[in-house]
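Structure, as structure tokens:
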Amino acid sequence: MPVTVHFAAGPAAWREYHDHLPRALADAGVQAEILLTAPDPAAVDYIVFAPSGEIQDFSPYVNCKAVLNLWAGVERIIGNTTLTQPLARMVDPAMTESMVEWVVGHTLRHHLGMDLHILNQDGVWRNEITPPIARERPVAVLGLGALGRAAGEALAALNFPVMGWSRTPKNISGIDCHSGDAGLAAVLSRAEIVILLVPLTAGTENLMNAERLARLPKGAVILNPGRGPLIDDAALLAALDRGHLGHATLDVFRNEPLPKGHPFWTHPRVTVTPHIAASTRPLTASAVVAENIRRGEAGEPLLYLVDRARGY
């Protein structure tokens with residue numbers, strides 16, 4: 001008997017997944033009926049979900065075995081009190097590759113001082129500044145989940161001295177791992193480039209406040225491809241204005257699209273990229289969803305289950 005999968009991520013998402021998800025389920029050996037609407041919620045076995053989709057009340061889905069989120073972040077769903085079913089976040093290998101490329105690209109951009117030459121094609125021969133080599137530039141990755149670990153390992157492979165910070169202790173080859181408040185203070189005091197990839201929770205909102213920004217070495221660079229509210233915007237602008245920070249390259253924001261009049265758009269030390277560092281890719285994400293449904297039907301542990309107490 002086929003399992004019933006309610007694709008509840010919205011019509012726009014279904015246009016991207018309608019070829020890939022059925023094929024991925026078949027490849028995983030799962031017989032499934034995919035519904036775009038669920039006249040009988042009690043008959044639904046799995047929900048494929050996105051916070052921009054249609055379901056707000058999960059209580060009618062009394063027999064649902066799991067809610068499978070298409071987004072890596074779960075901060076917009078974790079507080080829904082009607083959601084009692086197991087919740088899995090998306091860890092898409094192609095998204096990870098994309099994030100690593102964005103992080104490495106912008107790290108190298110700032111490390112090499114590429115803007116100096118790219119933005120000044122004016123006939124002046126500027127060879128006074130020779131950048132250090134990678135092993136002389138300490139880099140910090142805040143957040144050592146799937147994305148942070150992959151980014152840190154890629155930077156370490158380029159010989160950057162990589163420090164990592166996470167809420168709980170971790171041990172990752174090639175990364176100098178720290179945890180807790182004391183660990184964060186130690187990491188920030190040395191990092192010339194800081195990459196923010198921690199999940200957004202009540203404990204990480206405004207993680208980079210005025211006090212922590214002030215701990216960074218003068219001229220340090222912030223890269224934020226994680227979540228906009230990880231940074232106190234006003235504190236960041238103040239640190240940039242007084243010259244303590246060298247630059248901030250930001251891919252995520254408190255309000256998206258970033259409002260036209262926001263000072264980030266015109267600040268000379270801010271680069272805005274429009275939330276393009278890492279997006280879920282329907283081809284590879286479909287395989288992750290299908291594997292989790294296969295596991296659910298086989299009685300195996302689901303991948304990437306969310307710990308509600310931690311918020312990710």
Boolean, ASP115 is among the charged types (D, E, K, R), in contact with a helix residue (DSSP H, G or I) (Cβ under 9 Å, 6 or more places away or on another chain), crowded, with 21+ Cβ neighbours inside 10 Å and under 26 Å from PHE253 (Cα atoms): no
State which residue is nearest to MET1 (Cα to Cα) when the search covers only the stretch 27-41 and only residues that are part of a loop (DSSP other than H, G, I, E, B) and either touching a Phe, Trp or Tyr at 6+ places or on another chain (Cβ under 8 Å) or free of Cβ contacts under 8 Å to residues at least 60 places away in the same chain (or both). GLN31
Here is a list: ASP251, ASP232. Which entry is acidic (Asp, Glu), buried (at least 21 other Cβ atoms within 10 Å of the Cβ) and touching a helix residue (DSSP H, G or I) at 6+ places or on another chain (Cβ under 8 Å)? ASP251
Quickly run through the stretch 231-245 and pick out the residues that are of a type in the set (Asp, Glu) and closer than 16 Å to THR266 by Cα. ASP233, ASP241
Being touching a residue at least 60 places away in the same chain (Cβ under 8 Å) and either assigned to a strand (DSSP E or B) or not assigned by TED's automatic domain parsing to the domain that holds SER98 (or both) is the filter; apply it to the stretch 227-258 and report the residue that is nearest to GLY105 (Cα to Cα). THR249
Picked from the stretch 201-225 (must be basic (Lys, Arg) and in a helix (DSSP H, G or I)), the residue farthest from the chain's Cα centre (by Cα) is ARG215
When you look at PRO131, is it out of contact with any strand residue (DSSP E or B) (no Cβ under 8 Å at 6 or more places or on another chain), crowded, with 20+ Cβ neighbours inside 10 Å and assigned to a loop (DSSP other than H, G, I, E, B), yes or no? no
Would you check if ILE193 is among the aliphatic types (A, V, I, L, M), surrounded by fewer than 21 Cβ atoms within 10 Å (Cβ to Cβ), in contact with a Lys or Arg (Cβ under 9 Å, 6 or more places away or on another chain) and closer than 18 Å to LEU147 by Cβ? no
With respect to VAL104, determine if the residue is of a type in the set (A, V, I, L, M) and assigned to a loop (DSSP other than H, G, I, E, B). no
Considering only the stretch 145-164, I want to know if a residue exists there that is of a type in the set (Val, Ile, Thr), at pLDDT 95 or above and more than 18 Å from the chain's Cα centre (by Cα). yes
Residues in the stretch 274-303 that are crowded, with 16+ Cβ neighbours inside 10 Å and out of contact with any helix residue (DSSP H, G or I) (no Cβ under 6 Å at 6 or more places or on another chain): how many? 11
Give just the number: which of (1) surrounded by fewer than 18 Cβ atoms within 10 Å (Cβ to Cβ); (2) farther than 20 Å from ILE276 by Cβ; (3) among the hydroxyl-bearing types (Ser, Thr, Tyr) does TYR61 not satisfy? (1)
Can you list residue pairs whose Cβ atoms sit under 7 Å apart, with the first residue in the stretch 9-26 being of a type outside the set (A, V, I, L, M) and the second being part of a helix (DSSP H, G or I)? Count only pairs 6 or more apart in sequence or on different chains. GLU16/PRO282; TYR17/PRO282; TYR17/SER286; HIS20/PRO282; HIS20/LEU283; HIS20/SER286
Looking at the stretch 42-51, can you tell me whether even one residue there is over 27 Å from the mean Cα position of the chain (by Cα), assigned to a loop (DSSP other than H, G, I, E, B) and on the phi < 0 side of the Ramachandran plot? yes
Matching option when the condition is under 17 Å from GLU297 (Cα atoms) and either assigned to a loop (DSSP other than H, G, I, E, B) or not hydroxyl-bearing (Ser, Thr, Tyr) (or both), among ALA24, ALA72: ALA24
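The values are calculated or read from the model by the stated rules, or taken from the named source; none is laboratory data. Treat the numbers as computed from the prediction; the structure is a model and nothing was measured. Here the Cβ is made from the backbone with ideal geometry for all residues, glycine too, and neighbour counts use every protein chain on show.
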